[in-house]
Amino acid sequence: MERMTRRVRQTRMMDPRPPRGLLGTFGVLGSGLLFAALAGCGSVVASSGAAAAPAAATPVPQVGCASVNQATAVSIRREMRLMAPVGTNPISSTIYRQAAQVRALFGQLCAAVSHPAPTQLMHCPADFGTTYIGTFYDGSRVLATFTYATSGCERVSVTAAGKTQATMVYGRAAAAAPQLATDLDAIVGTPKPGLMQPQGGAGHTS
């Protein structure tokens, strides 16, 4: 018997290196992913750093009674229906810039109108028509205007942003603002607001 000649299978050797084109593609993709990852980390760090930065606290400008502690000046003028009593110094219009005294007066006016007395008929003797009219400022910004009728039955009003609050100063309004007349006196320097001095009497003493 003749020996049968076995066919020798040709074994193809596998090249472990990927094709050049595929290697280039992987290289480009890998570089892109690396840059994207680095960029993402940078953006996270930047955003976290921005979030950690403290925001500058700036006071919100207010008007009316909410702005009492922002007041720096007040202009006041005095009006009278009758002739000014002897010994008093009528005020045309003067600006006062003692911030502590300005805020004290502003606060007392707001305390009075925030606790309005009940409306009722009252007899008001010795009403000379003395009224103080003023404007509170924060620098040049208007915060509120007010009127304070000091003779007879005391009356106050505070106007801001088109809204007016008013009350007569007795009962709970007087209790809420016990230093109102004193604080006005500390600014304008008159004796007791609205009261007539005896002829030849001494003026305000300190």
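The values are calculated or read from the model by the stated rules, or taken from the named source; none is laboratory data. Quick caveat: nothing in here was measured; it's all calculated off a predicted structure. Note that we place each Cβ from the backbone using ideal geometry, even for glycine, and neighbour counts take in every protein chain shown. The protein model used for the area step is the full one, side chains on, heavy atoms only, and it has no ligands, DNA or RNA in it. Shrake-Rupley method; radii C 1.70, N 1.55, O 1.52, S 1.80 Å.
Output yes when any residue across region 40-57 is at pLDDT 65 or above, open to solvent by 40 Å² or more (accessible area, probe 1.4 Å) and in a loop (DSSP other than H, G, I, E, B), and no when none is. No, every residue in region 40-57 fails to be at pLDDT 65 or above, open to solvent by 40 Å² or more (accessible area, probe 1.4 Å) and in a loop (DSSP other than H, G, I, E, B). If you scan region 92-122, which residues turn out to be free of Cβ contacts under 8 Å to residues at least 12 places away in the same chain and farther than 19 Å from Gly64 by Cα? If the condition is that a residue be free of Cβ contacts under 8 Å to residues at least 12 places away in the same chain and farther than 19 Å from Gly64 by Cα, then Gln120, Leu121 are the ones that fit.
Restricting Ala144, Ala181 to residues that are under 16 Å from Phe106 (Cβ atoms), small (Gly, Ala, Ser), open to solvent by less than 20 Å² (accessible area, probe 1.4 Å) and in a helix (DSSP H, G or I) narrows the list to Ala181.
For region 67-114, the set of residues classified as of a type in the set (Gly, Ala, Ser), at pLDDT 90 or above and assigned to a loop (DSSP other than H, G, I, E, B) consists of Ala71, Ser114, listed by residue number. Under the condition of being assigned to a loop (DSSP other than H, G, I, E, B), open to solvent by 50 Å² or more (accessible area, probe 1.4 Å) and not hydrophobic (A, V, I, L, M, F, W, C), the residues counted in region 115-138 number 7.
Restricting attention to region 156-175, the residues that are crowded, with 20+ Cβ neighbours inside 10 Å and free of Cβ contacts under 8 Å to residues at least 60 places away in the same chain add up to 4.
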